[in-house]
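First the structure, in the form of structure tokens, and then the observations on it.
The values are calculated or read from the model by the stated rules, or taken from the named source; none is laboratory data. Computed from a predicted structure; not experimentally measured. Virtual Cβ from ideal backbone geometry, glycine too; neighbours counted across all protein chains shown. When the accessible area is computed, the model is the full protein with side chains, heavy atoms only, and any ligands, DNA or RNA have been set aside. Shrake-Rupley method; radii C 1.70, N 1.55, O 1.52, S 1.80 Å.
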Amino acid sequence: LLLADNTFTTISDPAFYGSSRIDLVDGFFLLNRPDTREWYISLVNQAALDPLDFATKSGWPDKLVAVAATKRNVFLFGAQTTEVWTNTGGADFPFSRLSGAFIQFGCVTANSVAEADGSLYWLSTSKEGHAMVLRTASYDRERISTFAIEQELQTYARIDDAFGFVQQMFGHYWYVLTFPTANKTWVYDVATGEWHERLYLEEDGTFSRHRASCFAFWNGRQIVGDYASGKLYEMRADVFTDNGNEIRRVRSFPHMTDSGNRMYYRSFQAAMEPGTVPEGEPNEIRLRYSDTKGLSWGGYVSASLGARGDHYKDVYWTRLGSARSRVFELSWSANCNTALSGAYVRVDPGAS
């Protein structure tokens, strides 16, 4: 409990039963009693508790995983279902259940719940299965994960250790969901409805999950905590490394086919933001491709992003052979602002 003198001490109030997550609405702290269906609240605008200020999730007999609030509504996330309560000012308990507001999905872990722009985001589970990523839509839910994301998550040895947070930058809200055991971080862009993987490049050239284990917007700064070092870092749009460590961008493209006919790939053109690489900095961009639908890949073919001030340059690769089905992938890193605005392939049809 954070006191007025900025120190921590153990909560000794016998009416405090612990909680997997704490939220705030209308001056009340909201807490769930672990391993039960009960949730309880503080006194209004006080860090004090009354042992009689509790209620029970009653719509389904699953245990309560977490309590979260948005738009002054309280969502009780159970292990299989979710119900919605709101402040009706009752004398015995100020919150009441909203009739008909019931979601047939629960929550895998309280740490996956995050709020942004009036919606709650979470990793769900239900009586039928798990690993869908959902967000609230009024008093219902909306699926935001794709079949590909769900298939990926269901290959992980465990997903109950996942944790998520929301950050807002460049006008975009991002729901960042990390799976420590699987060593993966997936990010949903609320503005575009698209997913990407956020990576950290290790010294041996392999990728691991992103280093951010927590997030706070403080004093106009985007602050993240590094799970490996315990240090705090500021995420900024004008910094292009991870504390000096190279950031590698990887972009793959959809399968290219022509009804199973062979195609001859005359050129691949990457329309990059050019002319920004500082003098003396590496500016390599690499192309590789797979003719086995992504099961195996050929070697990288390198090209230059261009010199500083060369604002008309696009990157080309030519004489790329033939295939009946091909997937292209670009990767690059540079200590400057870069952007891929498009990619174009010139092909000639071949014999069937």
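Structure summary
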item: P(r) weight above 20 Å for the stretch 1-80, C-alpha pairs, percent; result: 32
item: Dipole magnitude (debye, nearest 20) for the chain, charges at Cβ of Lys, Arg, Asp, Glu; result: 1060
item: Taking the chain and dividing mean pair separation by its residue count, relative contact order in percent (alpha carbons under 8 Å, at least six apart); result: 9
item: Rg over Rh, two decimals, the stretch 205-262 (C-alpha only, Kirkwood Rh); result: 1.23
item: Spatially proximal lysines relative to Lys127 (Cα-Cα < 24 Å; intrachain offsets below 8 disregarded); result: Lys57, Lys63
item: Per residue, in Å², the accessible surface of the chain once ligands and nucleic acids are set aside, probe 1.4 Å; result: 53
item: Aspartates and glutamates whose Cα lies under 12 Å from that of Lys71, excluding same-chain neighbours fewer than 8 positions away; result: Asp26, Glu115, Asp117
item: Dipole of the chain, positive end: most advanced residue of Phe328, Met132, Phe93 [Cβ charges, Cα centre]; result: Phe328
item: For P(r) over Cα pairs in 20 Å bins from 0, in percent, calculated from these coordinates, the label among (1) 28, 58, 14, 0; (2) 24, 48, 23, 5; (3) 31, 60, 10, 0; result: (2)
item: Accessible carbon and sulfur surface of the chain relative to its total accessible area, %, 1.4 Å; result: 49
item: Rg in Å to one decimal, and Dmax rounded to a whole Å, for the stretch 63-189 via C-alpha atoms; result: 14.9, 49
item: The stretch 170-246: trypsin sites (Lys or Arg not before Pro) falling in loop per DSSP and having at most 11 other Cβ within 10 Å; result: Lys231, Arg236
item: Residues of type lysines that Lys184 reaches as a straight line, Cα spacing below 23 Å, ignoring anything fewer than 8 places off in the same chain; result: Lys231, Lys293
item: Percent of Cα-Cα distances greater than 20 Å, calculated over the stretch 230-352; result: 49
item: Integer Hz, Karplus 6.51/-1.76/1.60 couplings in order for the stretch 311-322, x for Gly and Pro; result: 8, 10, 7, 10, 9, 10, 10, 10, 6, 9, x, 9
